[in-house]
Amino acid sequence: MPTFLGGVHPPEGKSLTENMAIEKLMPDSGLFIYPLSQHIGAPCSPVVNKGDQVLVGQKIADTEAFVSAPIFSGVSGTVKEIAPKMTIAGSVEQCIVIENDGKYEKAPSLLDELYSGKSPEPSEYVKLIRAAGIVGMGGACFPTHVKLLPPKDKVIKWVIINAAECEPYLTCDNRLMLESPDEVLRGLEYALKIFPEAVGVVGIEDNKPEAIKTMTEHNKNSKISIMPLKVKYPQGAEKMLIKSVTGQEVPLVPALPADVGCIVLNTRTAWHICKAIEEGLPVTERVVTVTGDAIASPKNLQVPLGISVKELINACGGFRYEPVKIIAGGPMMGLAMRSYDVPVVKGTSGILALTKNLAYISEESACIRCGKCVEACPMHLEPTLLDHAVRRRDYETFEAHGGMNCIECGSCAYSCPASRHLVQSYKNGKAFVTAERKKAAAKAKEGK
């Protein structure tokens, strides 16, 4: 079965929610908070003011920057303030705060606004996708319209739907395929109209047999295939997925999937492409898996963006046991949260609350040079060498041995018998190198 070299097999934890149908959560009141940066790229600026009345699907922030995506309200109500607020990542960012009136009155669709209610032509799809604020919904949040505009010298041969959902505990993409397979497939079909020479592939790990069966039964397009993949983390990482599906190695940074003829889209992203092109709907909601052994009643919830994480937890019956760690995302690549009184954003795929039984962190001990981290690394790096370089503040060695190519998947740390905090070490190294590059670029600009 197709796979890649390296990776690990952490406990899946998906049984808590994989059979839980998606439930809608639409509160009739409360404050909804919208950070102005919910994507990779330039942050947006508000296009509304304090006191304005807004509708569901109304644009509230945008920018003219190419690498960016507009933000839309998920509720109707009143703009209460535009001010710095804590975000799910733990940083304080400028946000738009809207008081929900509970009416959920909708703004005119993008089709009415841009095309007088008519269906757009394939040549207009990318413009509409940008106008709808669609980004990668798997967590990275790279603006989708940028992916769909590769350099003219790049021939796209594959459009791949990343339905691996390899991160433990998360099941929102699995449920989306089971409950809305046609929309996901039609989203892929619309992407293929942008690249008529390409074929479509939906890559699904084989621990989701019902999703594979459902997507196969609903697929009527001869240019699209449903490909079961071996269960192995991080199968859903872009470069690993491309290797599994096409057999090609994506070159290291700064190479992109388009360099080997691929475009990779998340399952939810494909669903949003369908909704934007057929109904003119922007991104105003998403499905979030709320799970973990501390949650009383784990669920998959469809929620308006901007809703508080605290409301999601309350909708699941609150905490069954006292959590020692609450994570935005999954346990391998998710971010530990400082507070759960923060808003859901476009990239919020899961909220994971764990007790001390599952979130125990061992004390570090000395590296024994066993090589398990090297075997596990899907990027073929030498994690122990990179770790030692950062701890010595030898950032030249860190960069020279490919440290900037680390995808921070955590496979090395998971496999380390010495419990070394390897990922944190690489994050520190990457942050330092990035800062130094920015300083050098600024000095070079000043010297011109």
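Has the stretch 351-362 got at least one residue that is touching a helix residue (DSSP H, G or I) at 6+ places or on another chain (Cβ under 9 Å) and farther than 12 Å from residue 429 by Cα? Yes, the stretch 351-362 contains at least one residue that is touching a helix residue (DSSP H, G or I) at 6+ places or on another chain (Cβ under 9 Å) and farther than 12 Å from residue 429 by Cα.
One residue stands out in the stretch 117-145 among those that are crowded, with 19+ Cβ neighbours inside 10 Å and assigned to a helix (DSSP H, G or I): the one that is nearest to the chain's Cα centre (by Cα), namely 144. Considering only residues in the stretch 168-223 that are polar (S, T, N, Q) and in a loop (DSSP other than H, G, I, E, B), the one that is most open to solvent (accessible area, probe 1.4 Å) turns out to be 222. In the set (1) of a type in the set (Asp, Glu); (2) farther than 30 Å from residue 168 by Cα; (3) open to solvent by 50 Å² or more (accessible area, probe 1.4 Å), residue 23 fails one condition alone, (2). One residue stands out among those in the stretch 47-100 that are without any contact (Cβ under 8 Å) to a residue 12 or more places away in the chain, closer than 16 Å to residue 345 by Cβ and of a type outside the set (Gly, Ala, Ser): the one that is most open to solvent (accessible area, probe 1.4 Å), which is 92.
With respect to the stated conditions, residue 160 is closer than 18 Å to residue 259 by Cβ, open to solvent by less than 10 Å² (accessible area, probe 1.4 Å) and within 17 Å of the chain's Cα centre (by Cα). Within the stretch 309-318, the presence of a residue that is at pLDDT below 95 and out of contact with any helix residue (DSSP H, G or I) (no Cβ under 7 Å at 6 or more places or on another chain) is excluded. The set of residues in the stretch 23-52 that are within 25 Å of residue 136 (Cα to Cα) and either among the small types (Gly, Ala, Ser) or touching a helix residue (DSSP H, G or I) at 6+ places or on another chain (Cβ under 7 Å) (or both) comprises 25, 37, 41, 42, 45. Of all residues in the stretch 265-305, those being open to solvent by 10 Å² or more (accessible area, probe 1.4 Å) and within 16 Å of the chain's Cα centre (by Cα) number 5. Selection over the stretch 110-141 of residues that are modelled with pLDDT under 95, touching a strand residue (DSSP E or B) at 6+ places or on another chain (Cβ under 8 Å) and over 23 Å from residue 225 (Cα atoms) gives a count of 1. The set of residues in the stretch 185-221 that are out of contact with any strand residue (DSSP E or B) (no Cβ under 7 Å at 6 or more places or on another chain) and among the aliphatic types (A, V, I, L, M) contains only 194. Restricted to strands (runs of 3 or more DSSP E) entirely inside the stretch 260-350, those with at least 1 residues that are touching a Cys at 6+ places or on another chain (Cβ under 9 Å) are 285-291, 299-304.
The residue of the stretch 413-427 that is nearest to residue 362 (Cα to Cα), among those that are open to solvent by 80 Å² or more (accessible area, probe 1.4 Å) and assigned to a helix (DSSP H, G or I), is 414. Residues of the stretch 224-254 that are surrounded by fewer than 18 Cβ atoms within 10 Å (Cβ to Cβ) and not in a strand (DSSP E or B): 230, 231, 247, 248, 249, 251, 252, 253, 254.
The values are calculated or read from the model by the stated rules, or taken from the named source; none is laboratory data. Please read these numbers as outputs of a predicted model, since none were measured by experiment. With ideal geometry, Cβ positions are generated from the backbone for all residues, glycine too; neighbour counts draw on all protein chains shown. Please note that ligands, DNA and RNA were not included when accessible areas were found on the heavy atoms of the full protein model with its side chains. Shrake-Rupley method; radii C 1.70, N 1.55, O 1.52, S 1.80 Å.
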